[in-house]
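See below for the structure under consideration.
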Amino acid sequence: MSSPPPSAVTAPHTAPHTAAGPGPATGRRTDLLLVLIALCTAVTAANIYVAAPLLPLIAHDFGSAPSSVAWIASVAQFGYAAGLLFFAPLGDRVNRRRLVAALSLVTTAALVAGAAAAGTAALAAAVLVASAATVVPQLLVPLVAERAPAHRRASHVAAVIAGLFTGIVAARVLGGLAGQAFGWRAVFVGAAVLTAVLGLLTAAALPAERPRVHEGGLFHGLRTMPGLVRRSPDLWRACVRQAGMYGAWSALWTSLALLLTGGAYGLSTATAGLFGLFGLAASVVAPLAGGLVDRFGAAKVVRGAYALAAVSVPLFWLGGQVIVALFVAAIAIHAALVASHVANQTLALTTTSAPATANSAYVVAGFAGGATASALAGLAYTHVGWGGVVAVAGVWLLLGWTTTAVRR
């Protein structure tokens, strides 16, 4: 597949920028808004994972075994998937200022309710609502791509993606430390305060928009999503390739704790959890990947990301016996994941006239690929061992690439 020139990655619905570009004052306002959006993205993305590192503390508080509350983390994933399907596509049709503010307030209320929960059922319901409403990042990314200068569009998208990955890492690492020091309920309250402050600030700072069409109701985006993917080969390709990449990453990353705490290394859960810090590599790589997409086009960056991921697979296999190989492989797979994500999401956002719906389809495809690969990796580890997990990741990469190697 020939790669499009950087200038080809443009949004058909975006008004062209003048040759002179924005003035200094406008440029500073744009940069400040981008920083605010990245911070808001980090905080809201963290809400999806806020319960995961706190599960032992939650179990102790409710007088349960940790295994009996582990399902609450899965509830958060289902809630986020529902939000992607129902709320994120609304960005094409409603005022995003009001939508971001409303979802931020709903998330805040749900987190406060979670902090006050007297049992697992009430906590799970609060986590479900908070995760479904915390799709604000997927409303902001299309707006950033729409308003960015064409020659810096991927770089602006990458800044938001860097914030998203930083929030995920912070939730897993800092959330656990804060919970140990102040209790899990305090972490929920802190997340609620940060969500309200940054969500409302971001909503107030968003540019004014023309009145948008409201017909179709809540399910309009869900109904139009399959047809939108069918009509756009570039969107379809971005969805499939990111599903393959995210699936490979999920298979390896979700099973890594089993390897580290098992007989091969015998590490404690807390020590194994420090491997999550390798996720910070994503925050470093995202701006670099955005610049490469702007300069060379999305297709070349995705090819490079897949090549890097392919190299990481045998390193992960070697890491079953050599921990240094795991260090290198962890950095490589995170770099590959975020580079592919920046390129594919930029393509998804700029290839149709309904960027919010296209973005929802893209994120749902990646989520589905990751969830399926994780489930298969768990079975593979149980019956085959670490080598089976590595094989699942390799197959997922192969499917993601070969399925899209030839134009439809």
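Here's the picture: charge each Lys and Arg Cβ at +1 and each Asp and Glu Cβ at -1 in the chain, and of GLY388, SER340, LEU235 the one pushed furthest to the positive end of that dipole is LEU235.
With one equal scatterer per alpha carbon and no solvent term, the Debye-computed log10 I(q)/I(0) for segment 219-408 at 0.14, 0.17 1/Å reads -0.76, -1.05.
Note on the chain: Cα-only Rg and Dmax are 20.6, 65 Å.
Estimated at 0.36 nm per residue, the fully extended path between ALA186 and LEU105 surpasses their Cα-Cα distance by 27.3 nm.
Roughly speaking, what is the stretch gain from LEU398 to ALA208, that is 0.36 nm per residue apart minus the C-alpha to C-alpha distance, in nm to one decimal?
My answer for the length gained is 64.0 nm.
The protection proxy used here, the mean number of other Cβ atoms lying within 10 Å of each residue, ranks peptides 237-247, 365-375 as follows, highest first: 237-247, 365-375. Ordered by the number of other Cβ atoms lying within 10 Å of each residue's own Cβ, fewest first, ASP31, ASP92 fall into the sequence ASP31, ASP92.
What does the charge count near ALA309 come to, summing +1 for each Lys or Arg and -1 for each Asp or Glu among other residues with Cβ under 12 Å from its Cβ? Result for the neighbourhood of ALA309: +2.
Extension gain for the segment VAL193 to TYR265, taken as residue separation times 0.36 nm less the Cα-Cα distance, is 22.0 nm to one decimal. Computed over Cα pairs, the Kirkwood radius of segment 78-182 leads via Stokes-Einstein (1.567 mPa s, 4 °C) to a diffusion coefficient of 85 µm² per second. Placing unit charges on the Cβ atoms only, positive for Lys and Arg and negative for Asp and Glu, gives segment 28-217 a dipole magnitude near 560 debye about its Cα centre. The ranking of LEU288, LEU84 by Cβ neighbour count inside 10 Å, starting from the fewest, reads LEU288, LEU84.
Here, each number is a calculation from the coordinates, and none is a lab measurement. Please read all numbers here as calculations on a predicted model, not as lab measurements. So basically every Cβ, Gly included, is an ideal-geometry build from the backbone, and we count neighbours across all protein chains shown.
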